1. Given the options SER92, SER48, name the one that is loosely packed, with under 15 Cβ neighbours inside 10 Å, closer than 23 Å to PRO155 by Cβ and of a type in the set (Gly, Ala, Ser).
2. What tally of residues in segment 127-158 results from selecting those that are in a helix (DSSP H, G or I) and either surrounded by 21 or more Cβ atoms within 10 Å (Cβ to Cβ) or touching an Asp or Glu at 6+ places or on another chain (Cβ under 9 Å) (or both)?
3. Is one or more of the residues making up segment 56-78 buried (at least 17 other Cβ atoms within 10 Å of the Cβ), touching a Gly at 6+ places or on another chain (Cβ under 7 Å) and either more than 21 Å from GLY130 (Cβ to Cβ) or at pLDDT 95 or above (or both)?
4. Just checking, does segment 236-244 include any residue being modelled with pLDDT of 95 or more, within 27 Å of ALA273 (Cα to Cα), in contact with an Asp or Glu (Cβ under 9 Å, 6 or more places away or on another chain) and buried (at least 16 other Cβ atoms within 10 Å of the Cβ)?
5. Can you pull out every residue in segment 96-126 that is under 14 Å from the mean Cα position of the chain (by Cα), not in a helix (DSSP H, G or I) and not hydroxyl-bearing (Ser, Thr, Tyr)?
6. If we keep just the residues of segment 245-254 that are in contact with a strand residue (DSSP E or B) (Cβ under 8 Å, 6 or more places away or on another chain) and either basic (Lys, Arg) or surrounded by fewer than 13 Cβ atoms within 10 Å (Cβ to Cβ) (or both), which is nearest to ILE181 (Cα to Cα)?
7. Please give the number of the condition ASP178 fails out of (1) in contact with a helix residue (DSSP H, G or I) (Cβ under 8 Å, 6 or more places away or on another chain); (2) closer than 30 Å to THR72 by Cβ.
8. If the requirement is being free of Cβ contacts under 8 Å to residues at least 12 places away in the same chain and not hydrophobic (A, V, I, L, M, F, W, C), which of these qualifies: ASN217, ASN234?
Amino acid sequence: MRKLKERSLRVLKPFDPWNSPLCTCPFKYSLNPYTGCSHMCLYCYATSYIGVRKSTPKKNFIKNLVHDLQRTDPLVPINMGTSSDPYPPEESIYKLTRRALKILVSIGRKVLITTKGVIVERDIDILKKGNVAVTPTITTLDDNLAKIIEPGAPPPSKRLETLGILTSNDIPVGVRVDPIIPYVNDDEKEIEELIGRLSELNVSFIVTSTYKAKPDNLARMRRGLGDIGEKIYNLYKSKGVRVQGYLYLPREMRERLLRPIIRSAERYGMKYATCREGLVTKEWFNAPSCDGTHLIPFRVKPKNVVEMNLDRWLASEG
């Protein structure tokens, strides 16, 4: 019955990273108010199907969300930002994420927000009332480096400020320190400094992964990073192993890249996990979930929606 209902879904979709045997995410729904992504990260995996273009609001998004909420399990978490960031600069204009959150929080849906955006600060009034956790992505403390690999995203220094604002408002936060890219953000001392800074901001959970190459993002890395980009390109072309449409580095190399993050997280008493690495022993994964859904608080009892006042939500401007 659930599968029959899921076939009619418009914007809420079961999260399924191409049936990857390495994915350890619990069952959840994916929700992306925008297509394309203005953050334009060189390493982005989603560009192979959403394209390299600025964030564009989905047509009739709120209407379609309300349609889908009547056909989905109210107990299953919803992850916003699995392929297109829910807080691009365009969110200041369209407010699709805010309007969606007002609905989701009011009916007690469990929500996980994955973002590099800082506009999330604006929605603290909603977030702190709901079953919501946030997992910002911070790949480096170096604003200059971030400007190269994540050219359209806010600088890490600003993301850290936002993270502190979230945790000071009792909003559960975990951080995605991913991807770790050889020759780019893999310096052990810098990783230690990053994890230490996150610990100071009361982050209790870290998830990490290595860069996996796809043809389009590998070409961007090669063009955008000069000599280092050429080294990355040659490394993945010579050592990469094809897994589920990606080029993975050999396991021993991936372990070497990820070990500093795991050791630092353990040192600071944080829970940790790896994402689609095939590293699931306690040495690499000691958190209740890999994606941070275990952080979602229980503040509002979920409601099984049969009918909703669609006009009310469509009229809401946040």
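1. SER92
2. Applying the first criterion (in a helix (DSSP H, G or I)) to segment 127-158 yields 127, 143-149, 156-158.
Narrowing the set further to residues that are either surrounded by 21 or more Cβ atoms within 10 Å (Cβ to Cβ) or touching an Asp or Glu at 6+ places or on another chain (Cβ under 9 Å) (or both) leaves 127, 146, 149, 156-158.
Summing the residues that are in a helix (DSSP H, G or I) and either surrounded by 21 or more Cβ atoms within 10 Å (Cβ to Cβ) or touching an Asp or Glu at 6+ places or on another chain (Cβ under 9 Å) (or both) in segment 127-158 gives 6.
3. Checked against the condition, which is being buried (at least 17 other Cβ atoms within 10 Å of the Cβ), touching a Gly at 6+ places or on another chain (Cβ under 7 Å) and either more than 21 Å from GLY130 (Cβ to Cβ) or at pLDDT 95 or above (or both), segment 56-78 yields at least one hit.
4. no
5. If the condition is that a residue be under 14 Å from the mean Cα position of the chain (by Cα), not in a helix (DSSP H, G or I) and not hydroxyl-bearing (Ser, Thr, Tyr), then VAL111, LEU112, ILE113, LYS116, GLY117, VAL118 are the ones that fit.
6. ARG254
7. Checking ASP178 against (1) in contact with a helix residue (DSSP H, G or I) (Cβ under 8 Å, 6 or more places away or on another chain); (2) closer than 30 Å to THR72 by Cβ, the one that fails is (1).
8. Details: ASN217 fails: free of Cβ contacts under 8 Å to residues at least 12 places away in the same chain.
The conditions single out ASN234.
The values are calculated or read from the model by the stated rules, or taken from the named source; none is laboratory data. These numbers were taken from a predicted model, which means no experiment stands behind them. Positions of Cβ are generated from backbone atoms using ideal geometry, with glycine treated the same way; all protein chains shown enter the neighbour counts.
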